[in-house]
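S.K.: The structure's right below; bear with me while I get my questions together.
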Ligand code: MLT
């Protein structure tokens, strides 16, 4: 589907939204399955592998340097991923998914929200930064978004995550942004907060 390798794990509780798992640089479709199971037991899991390779490491779009994105590629890849989600929903009979993305996966999830509204029912963005220098005008009324940032993240300065939160809020999304006393890597707290947000009906 759209050239994406992916893993699909059917859910056992049809009331739960499926999770679209989006890995970080160098990850693959298997990486976030254990995290998905832990934060949303019973939910269907849809986990594609990024189609771009950087020195052999899968990513969801090209970058020119760390934190400097090839926005033409980003737009093309976001469109392809939106197409993948639509095709996978049809094939597996799924509702619109909630993205759970880490790092590069969180950035492509943010791009999906901004460029393809309607693809995602919501998003948990773990260590995200603004994917586009000039975000488009978009309406995301009430779309639930959890952002978890690291105060000591060497890749994403606090103003980067704050800018993304402001963009999404400006579009009308229901953003819960927490800044954690940690770096770029995920911690137990990320897992607990993501699970709580999902259990509380994305609040
Ligand atoms: C990105 O390239 O999306 C961000 O720099 C995060 C990363 O993948 O390292």
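S.K.: Residue under question is residue 43, and the condition is that it be more than 22 Å from residue 168 (Cβ to Cβ), crowded, with 23+ Cβ neighbours inside 10 Å and touching a strand residue (DSSP E or B) at 6+ places or on another chain (Cβ under 6 Å); does it hold?
M.R.: On the way: more than 22 Å from residue 168 (Cβ to Cβ): yes; crowded, with 23+ Cβ neighbours inside 10 Å: yes; touching a strand residue (DSSP E or B) at 6+ places or on another chain (Cβ under 6 Å): yes.
Taking the combined requirement at face value, the residue satisfies it.
S.K.: Of everything in segment 78-107, what is part of a helix (DSSP H, G or I) and crowded, with 24+ Cβ neighbours inside 10 Å? Give them in sequence order. Steps first, answer last, please.
M.R.: Taking segment 78-107 and keeping what is part of a helix (DSSP H, G or I), we get 78-92, 104-107.
Result: 78, 81, 85, 104, 105, 106, 107.
S.K.: Ok, one more. Can you find a residue in segment 17-27 that is farther than 13 Å from residue 101 by Cα, within 11 Å of the ligand (Cβ to nearest atom) and surrounded by fewer than 17 Cβ atoms within 10 Å (Cβ to Cβ)?
M.R.: yes
S.K.: If residue 175 satisfies all but one of (1) out of contact with any helix residue (DSSP H, G or I) (no Cβ under 7 Å at 6 or more places or on another chain); (2) over 24 Å from residue 31 (Cα atoms), what's the number of the condition it fails?
M.R.: Among (1) out of contact with any helix residue (DSSP H, G or I) (no Cβ under 7 Å at 6 or more places or on another chain); (2) over 24 Å from residue 31 (Cα atoms), residue 175 violates only (1).
S.K.: Can I ask one more? Just give me the residues in segment 179-203 being surrounded by 14 or more Cβ atoms within 10 Å (Cβ to Cβ) and more than 26 Å from residue 13 (Cα to Cα), in sequence order.
M.R.: The first filter runs over segment 179-203 and keeps only residues surrounded by 14 or more Cβ atoms within 10 Å (Cβ to Cβ), leaving 179-180, 182-184, 186-187, 190-191, 193-195, 197-198, 202.
Hits for segment 179-203 are 179, 180, 182, 183, 184, 186, 187.
S.K.: What pairs come up if the first residue lies in segment 65-94 and is on the phi < 0 side of the Ramachandran plot and at pLDDT below 95, the second is part of a helix (DSSP H, G or I) and within 12 Å of the ligand (Cβ to nearest atom), and their beta carbons are under 7 Å apart, counting only those six or more places apart or on different chains?
M.R.: none
The values are calculated or read from the model by the stated rules, or taken from the named source; none is laboratory data. Predicted model, so just to flag it, every value in this text is computed and none were measured. Heads up, the Cβs are rebuilt from the backbone with ideal geometry, glycines too, and the neighbour counts pull from every protein chain shown.
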